[in-house]
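The values are calculated or read from the model by the stated rules, or taken from the named source; none is laboratory data. Since the structure is predicted, the reported quantities are computational estimates derived from the model, not experimental observations. When we count neighbours, we look across all protein chains shown, and the Cβ atoms used for this are built from the backbone with ideal geometry, even at glycine. Just so you know, the surface numbers come from the protein's heavy atoms only, side chains and all, with ligands and any DNA or RNA stripped out. Shrake-Rupley method; radii C 1.70, N 1.55, O 1.52, S 1.80 Å.
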Amino acid sequence: MYYNQKESGKRIAKLRKGRGLTQDQLAEKLNISTSNLGKLERGLQGISIDLLIEIGFFFNVSTDYLLIGHSIPHYNASKDMDAMIAQLEAMKKKL
């Protein structure tokens with residue numbers, strides 16, 4: 001399982017504390033109740049997509065990080081295409 005509510009909540013709390021914000025201050029900035037934020041941080045409540053995105057923007061972190069603790073590697077098609085082109089050019093020279 002990738003998503004763990006408690007761990008996700010801990011990451012949000014760590015980001016908040018790293019900015020020196022109280023739960024009241026962050027809740028106000030996110031336009032949610034302090035109670036709601038507390039439940040998110042303790043992993044007692046899931047997070048909506050909209051709030052997830054808003055928290056990501058606020059802390060300048062990816063939603064991947066908030067949900068699973070790290071970024072998901074992305075497939076780099078251009079690197080594979082460059083390798084194929086190089087192989088084709090090498091084959092063409094042999095002809």
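Taking Cα pairs under 8 Å and at least six residues apart, what relative contact order does the chain come out at, in percent?
Reported as a whole number, the value is 31 percent.
Hey, can you rank 79-86, 9-16 by average C-beta count inside 10 Å, highest first? Mind dumping the intermediate values first?
Values: 79-86: 10.0, 9-16: 18.5.
Going from most to least packed, we get 9-16, 79-86.
Dipole of the chain, Cα-centred, from +1 at each Lys and Arg C-beta and -1 at each Asp and Glu C-beta, to the nearest 20 debye?
320 debye
Out of the total accessible area of the chain (probe 1.4 Å, heavy atoms of protein only), what percent is carbon and sulfur? Kindly include the intermediate steps, with their values, before the conclusion.
Values: 4000 of 7080 Å².
Carbon with sulfur: 56 percent of the solvent-accessible area.
Enumerate the lysines that LYS10 could reach by cross-link, defined here as Cα to Cα under 29 Å, with residues fewer than 8 away along the same chain left out.
Of all the lysines, those that pass the test against LYS10 - Cα under 29 Å, at least 8 places apart if same chain - are LYS29, LYS39.
Rg and Dmax of the chain over Cα atoms: what are they, in angstrom?
20.9, 72
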